[in-house]
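Shown next, in structure tokens, is the structure this report addresses.
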Amino acid sequence: MRTARYFLLFLAVVGFQSRAFASEAEDRVAMERAIESLNVPKRVYPAVANPQAAFELDRLKRSHPGTMRILGPDSSAPSPAVVVSHEPWGEAQVNLSKLADPPVVFVTPDVALVNGSCRFEGPAGAVTETVPLVFVMKKENGEWKIASIRRTAVP
């Protein structure tokens, strides 16, 4: 009898955690969509929650000539590198130094910090500069909005 209670408690905890992780994954996708929506030329951005964030976005656009592209957490986060030698008795080299901070950090269930970047391209399409950004995301009425955009220092 006691074992059955513990088993039911275990199933309840595992079920709750799987729903929490699924919800977090859905939230990450929604945040990515909100950030990517900034790349569509508009006068008003529905994903931006306050005028200060819209002002910062406009200031970024005016700071560089050419095309600007906002990159969300998945496309701007560096990944670890593995280099494999193809010589006999060659070595494999794993470079973990490119690991960055986690791209999304939930401060509360309704507030998150998202690492992203802004890539500026010149007339020929060549990347002229990449600026790291931090987005403060806020969930309002079940929808993720950008509360703030900030440039970050290059490490």
Less than 16 Å from a label point 7 Å out along the Cα-to-Cβ axis of Thr128: which backbone N atoms in the stretch 40-61 qualify, by residue? 59-61
Using a 7 Å offset from the Cα along the Cα-to-Cβ direction at both Arg59 and Val83, what is the distance between the two label points in nm, to one decimal? 4.0 nm
Exposure-ranked with fewest Cβ neighbours within 10 Å first, Val84, Val29 stand as Val84, Val29
Quote to one decimal, in nm, the extra length available between Ser37 and Arg151 on full extension: 0.36 nm per residue of separation minus the C-alpha distance between them. 39.2 nm
What length, rounded to one decimal in nm, is gained on full extension from Ala25 through to Arg119, with 0.36 nm per residue of separation minus their alpha-carbon distance? 31.3 nm
Please give the length that would be gained between Gln93 and Val105 if that part of the chain were fully extended, namely 0.36 nm times their separation in residues minus their C-alpha to C-alpha distance (nm, one decimal). 1.4 nm
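Where a number appears in this text, it was derived from the coordinates with a stated rule and is not lab data. Everything numeric in this text was worked out from a predicted model, so none of it was measured. When we count neighbours, we look across all protein chains shown, and the Cβ atoms used for this are built from the backbone with ideal geometry, even at glycine.
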